[in-house]
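Below is one structure; the comments refer to it alone.
The values are calculated or read from the model by the stated rules, or taken from the named source; none is laboratory data. Quick caveat, the model's predicted, so the values are computed rather than measured. Using ideal geometry, Cβ is built from the backbone for each residue, glycine included, and neighbour counts are taken over all protein chains shown. Side chains are part of the model used for accessible areas, which takes the heavy atoms of the whole protein and leaves out ligands, DNA and RNA. Shrake-Rupley method; radii C 1.70, N 1.55, O 1.52, S 1.80 Å.
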Amino acid sequence: MSLNLNQVSLLQNVTRYWNNRAEGYSRHNQQELQSIKRLKWQQLLLAHAPKKQNLKVLDIGTGPGFFAIIMAQAGAQVTAIDATSNMLEQAKYNAAQAMVDIRFVRGDVHHLPFADERFDLIISRNVTWNLSEPEQAYKEWHRVLKCGGNLLNFDANWYLFLYDEQRRRAFEQDRASTIRLNIPDHYADTDTSAMEAIARKLPLSRQLRPHWDMNALLNIGFSQLMADTRIGEFLWDDEEKVNYRSTPMFMIVAQK
């Protein structure tokens, strides 16, 4: 299945947006790598990884490489893919600083350039909400995952507030809370109008998740699924919990 012209244009807009944000997003990842979050995330990913030697991991939408780096540090053979060239440049720099060997690939995560049943573990963070064809992407991820392998997806209902007035008020309350508590607003340095314009064209902005994802993954053929809608309470620091109170992170674990 190929993307139509509207989907191609949307993908280009998403890619352009994240190209522009690559340097700032990389600074955030670098801070994570130097904090307790590195160990927290690494332990969580390993807890849900197949227990085997020479673990083959695919990091989808790697961005500046945080997931890829912490899994390489754990001894996994890591391939990382992203559609955004600037993000990949940041990821390569960060990997070099961490002195880990990762195979970086530029490509469309809707159509992966990998053979069937190639990976033991697929990991992804804050990627699926950006996709123009999320069900097609999930089918591809299922294709390249080995039988018995796991998909770990972390995301949130980032822009559902565009279609829900109660969620809009909660989002605005988060912004007010950052001022009241005198902490940085994580949306202050982003082009929110540009991202909201893109989000209105993305199909998952309208869907209640992870409910949508769980149904889609079952229909695609994943055999065992688990969702944790409170995982952010373990992984996020206090500043993040204030910023994203209205958009809690969820974790999906899906076994093929």
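Within the stretch 138-150, which residues are crowded, with 20+ Cβ neighbours inside 10 Å and in contact with a helix residue (DSSP H, G or I) (Cβ under 6 Å, 6 or more places away or on another chain)?
Scanning the stretch 138-150 gives a single hit, TYR138.
Would you be able to say whether some residue in the stretch 6-17 is in contact with a helix residue (DSSP H, G or I) (Cβ under 8 Å, 6 or more places away or on another chain), more than 19 Å from GLY107 (Cβ to Cβ) and not hydroxyl-bearing (Ser, Thr, Tyr)?
Looking only at the stretch 6-17, we keep the residues that are in contact with a helix residue (DSSP H, G or I) (Cβ under 8 Å, 6 or more places away or on another chain), and these are 10, 13-14, 17.
With more than 19 Å from GLY107 (Cβ to Cβ) added as a condition, the list becomes none.
The answer is no; no qualifying residue exists.
Specify which of the listed residues (GLU135, GLU117) is open to solvent by 10 Å² or more (accessible area, probe 1.4 Å), in contact with a strand residue (DSSP E or B) (Cβ under 6 Å, 6 or more places away or on another chain) and acidic (Asp, Glu).
Only one candidate passes the filter, namely GLU117.
Which residues, counting only those in the stretch 191-242, are open to solvent by 30 Å² or more (accessible area, probe 1.4 Å), of a type in the set (D, E, K, R) and under 23 Å from GLY148 (Cα atoms)?
ASP228
Would you mention how many residues in the stretch 114-132 are assigned to a loop (DSSP other than H, G, I, E, B) and either farther than 17 Å from HIS142 by Cβ or of a type in the set (Lys, Arg) (or both)?
Qualifying residue count for the region: 3.
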